[in-house]
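What follows draws every value from the coordinates through simple rules; no lab data is involved. The shown structure was predicted, so the numbers you read here are calculated from the model rather than taken from an experiment. So basically every Cβ, Gly included, is an ideal-geometry build from the backbone, and we count neighbours across all protein chains shown.
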Amino acid sequence: MSTTREHASRTYCTVCGTMVSRRFRPGPDGRPDATCPRCRSLERHRFLALLLGMLAPDLRDLDLVVEIAPSRQTTPMLDRLGARRRISLDAGYDSRDVDALASVCRLPLRDASVDLLVCYHVLEHVPDDCAAMREIARVLSPDGIALLEVPIRVGVGTDEDVDAPEEERLRRFGQRDHVRWYGDDIDDRLSAAGLATVRVTPPALLGDAAVRWFGLMAGEVVWIARHGSGAAPAMLAGGPGTGLSVALDALITDLDHTRERLDRARARADRVAAQRDALRARLDRTREELAVARRGGVLTRLRRAVHL
């Protein structure tokens, strides 16, 4: 069986479709195996690519896709969905390239007009996050889907303080521009805003082998939200997996074994090639020695003939 370290050396980026022969590079905060060396995607981008693929049957014939606070990794993924319209929005606190400046608490969109909305790591910045959640519910079409991600601590309630100074925010929430760290009550907040949700994590959806293979974070949580209220049973790390996770575990394990056999065959081929090169070098030296010896013999006979 392959070890975790061996798995980590064989990774695939779902964003740019590149097989990474070595480990992913460290992330912005120094966490290991986070960044794709080619497209610079992080774990959340790679999981989003997989989620979009799994939701493909629900993402056909899209009219409007909205991304709040886009990234250069996620925008091409959403473009590939083939929606008739795609709009990117941001509040304008940084130099992010967007179609329009707008607050998530006041989206410039018609009611029930959005078929897919992606809002990753935004709500923890927003003082009135409940207003933002209500706006997301308002603009979703009857069959629309919202993919939401926020930092969360399981087993505790939400810790928030919109008036805290920057240094206290850094200490309590991990960043100076965060105003909360979500807890178990986030599902109640989303439900009160008119959103029915299910939490998903990479291990529960894909299996542990896929988490290593695709360079994901086992503890990452994404909320899949639709119109309604309440929360469906969560697909969390450590919980029961899906048939897909079992199949991927088996497939990736078999693929690892195949790669290991291929690596051993390549190593044997390299050794044979090295032995062949060594034999050729010895043969070349022998030929040179024979040629020198022959030339020496001819000269000796000539000298003898001259002295006669």
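Take the Cα of LEU81, step 7 Å toward its Cβ, do the same at ASP270, and the gap between the two points is 4.4 nm. Residues in the stretch 159-172 carry Karplus couplings, in order, of 9, 9, 6, 6, 9, 5, x, 4, 5, 5, 4, 4, 5, 8 Hz; the curve used is 6.51 cos²θ - 1.76 cosθ + 1.60 with θ = phi - 60°, and Gly or Pro positions show x. Applying the Karplus relation 6.51 cos²θ - 1.76 cosθ + 1.60 with θ = phi - 60° to the stretch 35-52 yields 3J(HN,Hα) values of 10, 5, x, 8, 9, 6, 5, 9, 4, 5, 5, 5, 5, 4, 4, 5, 4, 4 Hz, where x marks Gly and Pro. Both radii are taken from the alpha-carbon atoms of the stretch 180-225; with Rh as the Kirkwood radius, Rg/Rh is 1.08.
Multiplying the sequence separation of ASP188 and ARG176 by 0.36 nm and subtracting their Cα-Cα distance, what value in nm do you get? Each step should come with its number before you reach the end.
Numbers: separation 12, 0.36 × 12 = 4.32 nm, distance 2.59 nm.
Working it through step by step, the gained length comes to 1.7 nm.
Modelled this way, with points 7 Å down the Cα-to-C-beta line, the labels at ARG261 and VAL154 are 3.7 nm from one another. Show the residues, 5+ positions off or on another chain, whose built amide H is closer than 5 Å to the amide H of ARG86. Answer set, sorted by chain and number: VAL65. Using the Karplus relation 6.51 cos²θ - 1.76 cosθ + 1.60 with θ = phi - 60°, the per-residue 3J(HN,Hα) values for the stretch 275-287 come to 5, 4, 5, 5, 5, 5, 5, 5, 5, 4, 5, 4, 4 Hz, with x marking Gly and Pro. Packing here is the average count of other Cβ atoms within 10 Å per residue, and on that basis the peptides 155-165, 283-293, highest first, run 155-165, 283-293. The fewest-to-most ranking of SER71, SER41, SER191 by surrounding Cβ atoms within 10 Å reads SER191, SER71, SER41.
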